[in-house]
Each structure stands twice: as C-alpha cells, then as structure tokens.
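Coordinate-derived values only; no laboratory data. All of these numbers come straight from a predicted model, not from anything done at the bench. Reconstructed Cβ throughout: ideal geometry from the backbone, glycine too, with neighbour counts over all protein chains shown.
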Amino acid sequence: MEQAETVRNTCIICDQPKPNGIQICAEFICDECEAEIVKTDVLDVKYPFFIHRMNKIWYKMNA
Ligand SMILES: [Zn+2]
C-alpha cells in the first residue's frame with residue numbers, strides 16, 4: 001500500500017483533510033473520528049450522527 005506524506009484524505013465524519021486514518025472501501029475515517037466512534041456509546045446522542053455518516057459506506061458496499 002502506497003503512503004505518500006503529501007496525501008491527505010478527507011474524513012467522511014468530520015470532512016477535514018487528515019493524514020492519518022483508516023480506509024473503509026473508498027471512504028476514509030481519520031484517527032480521531034475512529035477513536036471517537038469506538039468510545040461512543042450506542043445511546044450517545046452522537047451515535048446516530050456517526051451511523052448516518054457511515055451509511056454512505058454501507059450504501060456503496062451494497063450498490
Ligand atoms: Zn474525522
């Protein structure tokens with residue numbers, strides 16, 4: 001896997017260009033958001049927001 005220092009992926013959660021994160025299918029989630037999702041409780045008010053953002057990924061997977 002290629003990794004250039006100049007490459008900035010735009011996180012689908014926070015919409016910010018970030019150098020570090022994970023790639024899920026064609027989508028990118030930055031380290032901070034990934035950590036945020038992991039520690040977010042299902043009952044947290046932010047949870048539906050994350051799910052909503054990540055629906056983009058599942059949608060593409062099933063397309
Ligand atoms: Zn992010």
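The table that follows gives values for the structure above.
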item: Residue-by-residue Karplus 3J(HN,Hα) for the range 43-57, coefficients 6.51, -1.76, 1.60, Hz, glycine and proline x; result: 8, 5, 5, 7, 4, x, 5, 4, 4, 4, 5, 7, 4, 4, 6
item: Amide H contacts under 5 Å for residue 28, placed H, 5+ residues apart; result: 12
item: Paramagnetic reach from residue 25 in the range 40-54 [backbone N under 20 Å; point 7 Å along Cα→Cβ]; result: 48-54
item: 28, 49 arranged by Cβ crowding within 10 Å, fewest neighbours leading; result: 49, 28
item: Residue 21 long-range amide H proximity, modeled H, under 5 Å; result: 31
item: Long-range HN-HN contacts of residue 9 with modeled amide H, under 5 Å; result: 18
item: Anisotropy class of the range 9-62 from Cα gyration tensor, a/c 1.5 cut; result: oblate
